[in-house]
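Report on one structure; see the data block that follows.
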Amino acid sequence: MKFNYTIIFAFPLMLVLMMDEMYVKLLAPENVDFQITLFNLLIKGSAVLSFTYSILNFQRMSPYMRFAFFLLTLYVFCLVFESYYKYSTFLVYPHVFLKLFLLSHTFFIYTFYKKNPYLNFKHIVYFILIGFVLHIFIVHPDSLSVSSFTSHERGAVATSVYMLMIPLLYFLGSYLYEGKFINLAGTFFVLLLIIFFQHRTVWICSAFAIGVLYLYIRFKSDKPINLVGRLLPVVFIIAVVSVISSAFIFSMNPDILAKFQENFTDIENYNSQGTGGWRYLQFLSYLPFIQDNLMVGMRFEGFELPIQFYQEDIDKPVFEDGNGHFFHSFYVDILFYVGMAGMLIYFLTMVHPIRKSFGKPQLTIIQIILLTFISTGFVYGISYILPPFYFGILGWCITILEQKNNAYQSYLKQSSQRMLARRRTQQLHPPLSYQ
C-alpha cells in the first residue's frame, strides 16, 4: 500500500482547523488552564504568522486580493501607530488587533494554495469527522444520551458543529453529482450529528446551505444532473425515518419531541426568548457606542470601556471588566471594535468568490461546495463570531475560483495517465523471470 503523499498539502489548512476548541480540548482533555493557554497561543501565533506569510507572498495575489490585503495592512499599521502614540507601545491590546488579524488566515491559505494547488478535499473532510468523533467520545462521552439532549447539555460548541457543515456539503454534493450509497450515508450521518447537538444557528445555516447548493447545481453545474432522480431516495429515507421516529422514539421519549418544539419556538421568537433574546439584549446595550463610532469603531477605547451588558436579576456584568468585550455576533463585534471600515475589508474578501462565481458559466462540484459553505457565514455571523477555520476555507475557495481549471483534477488526470502508460509498457515488455 503506497502512502498518499498529497496529504502533506492538507497540513496548512489542518493547522487552521486545529484552532477550534474541539481539537484544543483533545490535546489536554483534563487540563483547563493548559487548554486556555494553548488556545490563546494558537490564535495569536497563527494570526501573526499568517499575516507575515501573506506579506512575503504578496506577489502571488490577484489584483483584487492585493487591494483587499493592502486595505487590511493599512488598517493594521494605523492601529500600531495609534497604539504607540497613545500608549507608548506598538501592540497595547492584542484583543483589538485580532479583530483584523483574523482575516489574515484567508490570505495565508489563499497564497499557499495558489502555489500548491494539490489539496484533496477528502483529507479535510475526514480530518474534521475524526476530530469531532474523538472529541465527543474522549472529552464529552456523557453528551451521547437522551437525557443530555432533553436537558440541552451539548457536548460540542457551536463552532465545532458548524465545522461539520463542510463534510455535510461534501457528502451531499458528491451524492448529487455521483450517486453512491456511501455519499448518501455520509450525508445523513453528519446531518444527524448536527441535529443532535442542537445549535439552532447551525440548523438554520444547514437549511440555508441546502437551498444554495441546489441553486448552484441547478444553474451552474458543469455536467447535467438528474436532481429529481437523486433526491427521490433522500425523500424516501426521510419519510421512513420520520415514521419510525414517530412510532417508536417520540412515543417512548416524548421529551425529545417537546425539546424540538422548544427549539423551534426559540427560533421563531429569536428576539424575546432563548439565547437569541440574550444576544438581542446585548446588542441593544452596545448599540449607542456603535452608532457614535460607526466609521472606525472604538478600537482601544472599546477594550477599556466597562462592560455594558448586565444580568437584570442581580445587576451584575455578564463578563468581567479588563478583558475586552465578547459579542455573540460577528457583525456587532467588528462594528464595535473597527467600525464600517473594518467591515468593508471583511466584506470585500467574503463577497469576492461569490461575486466571481456569478461571472462563470460553469462551476465544478468542489467550487460549488466551497461557495455554499462561504455563503453560510453571512447567516452564522448574525449569532456568532466567525471562527478562524471559516477564513481558512474562504482562502481556499478564492484560490479554487481564481484558477482557470481545477489544478488538482489536472494533477490526478496526469498521474492516472502516467500509471496507464507504465502498465502498457510492462505488458509489452514484461520483466525477465527465472523459469
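Put a plus charge on the Cβ of each Lys and Arg, a minus charge on the Cβ of each Asp and Glu, and nothing anywhere else: the dipole of the range 50-151 about its Cα centre is then about 420 debye. Taking every C-alpha pair closer than 8 Å and separated by at least 6 residues, the mean separation divided by the residue count of the range 1-124 gives a relative contact order of 41 percent. Simple point charges give the picture: +1 on the Cβ of Lys and Arg, -1 on the Cβ of Asp and Glu, and for the range 88-221 a dipole about the Cα centre of about 480 debye.
For the range 1-43, the Kirkwood radius over C-alpha pairs fed into Stokes-Einstein at 25 °C and 0.890 mPa s yields D = 210 µm² per second. Taking a sphere under 14 Å around the Cβ of ILE130 and counting the other residues whose Cβ falls inside, with K and R at +1 and D and E at -1, yields a net charge of 0.
Radius of gyration (Cα atoms) of the range 29-77, expressed as a multiple of 2.2 N^0.38 Å: 1.59. Taking a sphere under 12 Å around the Cβ of MET65 and counting the other residues whose Cβ falls inside, with K and R at +1 and D and E at -1, yields a net charge of +3. Of the solvent-accessible surface of the range 1-158, computed with a 1.4 Å probe over protein heavy atoms with every protein chain present, carbon and sulfur atoms account for 70 percent. Between MET343 and LEU227, the distance separating the two model label sites (each 7 Å from Cα on the Cα→Cβ line) works out to 3.2 nm. Net charge of the neighbourhood of VAL212, taken over other residues with C-beta under 15 Å away and scored Lys/Arg +1, Asp/Glu -1, is +3. Applying the Kirkwood pairwise sum to the alpha-carbon positions of the range 322-395 produces a hydrodynamic radius of 13.4 angstrom. Between GLN362 and SER88, the C-beta separation translates, for a Förster distance of 51 Å, into a calculated FRET efficiency of about 0.35.
For the peptides 118-130, 217-229, 392-404, 11-23, residues were scored by their other Cβ atoms within 10 Å and the scores averaged per peptide; the highest-first order is 392-404, 11-23, 118-130, 217-229.
For the range 22-133, a Kirkwood radius taken over Cα pairs fed into Stokes-Einstein (4 °C, viscosity 1.567 mPa s) yields D = 80 µm²/s.
The values are calculated or read from the model by the stated rules, or taken from the named source; none is laboratory data. Here the structure is a predicted model, which means the values were calculated and not measured. Positions of Cβ are backbone-derived with ideal geometry, glycine not excepted, and every protein chain shown enters the neighbour counts. Just so you know, the surface numbers come from the protein's heavy atoms only, side chains and all, with ligands and any DNA or RNA stripped out. Shrake-Rupley method; radii C 1.70, N 1.55, O 1.52, S 1.80 Å.
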